[in-house]
Amino acid sequence: MANTYSQLYVQIVFAVKGRQNLISNKWKDELYKYITGIVANENQKLIAINGMPDHIHILIGIKPNKALSDLVRDIKANSSRFINEKRWINVKFEWQSGFGAFTYSHSHLANVINYIQHQEEHHQTKTFKEEYIGFLKAFEIDYKNEYVFEELK
């Protein structure tokens, strides 16, 4: 895209299916490196990544030639396949369907990066569900509570 200039920053948030605590500290760094490679292979820029055993936050700089939903689909499909091929857990790993995407200006990046890097501290006082609903409310996104999280059956 000649003569196209953009500055688009998006924090992507998604959960393990059923919000199970399946992402282990033993292998999360390897998973994050793999996801970084997926984003790089899509010619996008991963700025920060971190999460908890039941969810993940990814801050990216996205170019306008890539649909965000396609990028997230590729991240989720390839990373779940990677986890399953590594046999890090005894069940089939899946991400929950859907995701949250929240945009930021360049001037807010330092705060967002700090927030992502300190997930463990944030979740000492707040559950993932509380955090996620907080994002939806802060960004004034209409939602139906019964569709926000898939529960295990």
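A few comments on the model shown:
- Placing a label point 7 Å from the Cα of T125 along the Cα-to-Cβ direction, the residues of region 25-59 whose backbone N falls under 19 Å from that point are 52.
- Stretch gain in nm, segment S97-I113, where the contour uses 0.36 nm per residue and the Cα spacing is subtracted: 3.3 nm
- Candidate aspartates and glutamates for bridging to K28, where Cα separation is under 14 Å - those fewer than 8 sequence places away on the same chain excluded: D54, E120
- The trypsin sites (Lys or Arg not before Pro) of region 1-83 that DSSP puts in a loop, and whose beta carbon has at most 13 other beta carbons within 10 Å, are K26.
- Reducing region 18-70 and region 88-143 to their Cα centroids gives an inter-centroid distance of 12 Å.
- For the chain, averaging the sequence separation of C-alpha pairs within contact (under 8 Å, six or more residues apart) and dividing by the residue count gives a relative contact order of 35 percent.
- With the cut-off at under 20 Å, measuring from each backbone N in region 111-140 to a point 7 Å along the Cα-to-Cβ line of N25 picks out 115-128.
- Along the chain, the longest continuous region that contains none of the GluC sites (Glu not before Pro) in a DSSP loop with at most 14 other C-beta atoms within 10 Å is 1-139.
Where a number appears in this text, it was derived from the coordinates with a stated rule and is not lab data. Keep in mind that this is a model prediction, so the values were computed, not measured. Cβ: placed from backbone, ideal geometry, glycine included. Neighbour counts: every protein chain shown.
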